[in-house]
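Novice: Have a look at this one before I ask anything.
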Amino acid sequence: MHATRPITLHAWQQGESHERRTGWHGSSPEFGDVTVLFPLAIHSSRTLMSEVRGTVIPHASYSSAGLHSQVMSLPGLNGARLEVGDRSVRLRRNRWGLTRRGRSLRMEHAQDAYRLTAISRRHYMLTRERDAEGAGVTITVKQAGIGKGKRLTVSVSGDAQGADITLAVLFGAVDRAPLTRGGAVRAALSRSFAFYAESQS
């Protein structure tokens, strides 16, 4: 097992006006430079995208589309599409899950199974499941600070691969609220209201 030292990504921005890009940036002795960009409007105002770029880790893009994107500051979990390198990642979750684990976002990438679990609004955990080829890995990510002092702290337990780091930091640029208890309740109420409004029309 190779120990990975904690990675700290700091709030970052580049460019001016409508060409400004914001995100997180930092470096790791094991995984090189890491940059997370968000949100990038593509094709239309109804699609938001976040990206991860790095010198060692694979590139990734995450996008969500729909009318809800017009009022969001980050891509969300509904209507989402995720690609790591040249591979599409399968996403699934149980919107009605009662526990943190039950609400987790499940992913499949290159025959590896992942689980993204919200610990709180600013704290989440990515787990690559144990399989016949390895013991898996757990990566915890915490957001702290305000303004220019905002940062993501990434802690790794296990033998991490580049794709693990990419997926972990990517979700620092995604609206994860529905994975939290409060976010799940708000989302359920919103769906119920939408269903009622549609039934009355």
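Here, each number is a calculation from the coordinates, and none is a lab measurement. The model shown is predicted, which means the values in this text are computed figures rather than measured ones. Cβ sites come from the backbone with ideal geometry, for glycine too, and all protein chains shown count toward neighbours.
Novice: Say R0 is 41 Å: what FRET efficiency, to the nearest 0.05, do Asp33 and Asn94 get from their beta-carbon distance?
Specialist: That pair, Asp33 with Asn94, gives E of 0.70.
Novice: What is the set of long-range amide H partners of Val56 at a cut-off below 5 Å, with H atoms built 1.01 Å from backbone N?
Specialist: Asp33
Novice: While we're here: For the residue pair Glu129 and Lys150, what label-to-label distance in nm results when each label sits 7 Å from Cα along the Cα-to-beta-carbon direction?
Specialist: 3.3 nm
Novice: Moving on to the next point. Place the peptides 160-173, 90-103 in order of packing, highest mean first, counting for every residue the other Cβ atoms within 10 Å and averaging per peptide.
Specialist: Going from most to least packed, we get 160-173, 90-103.
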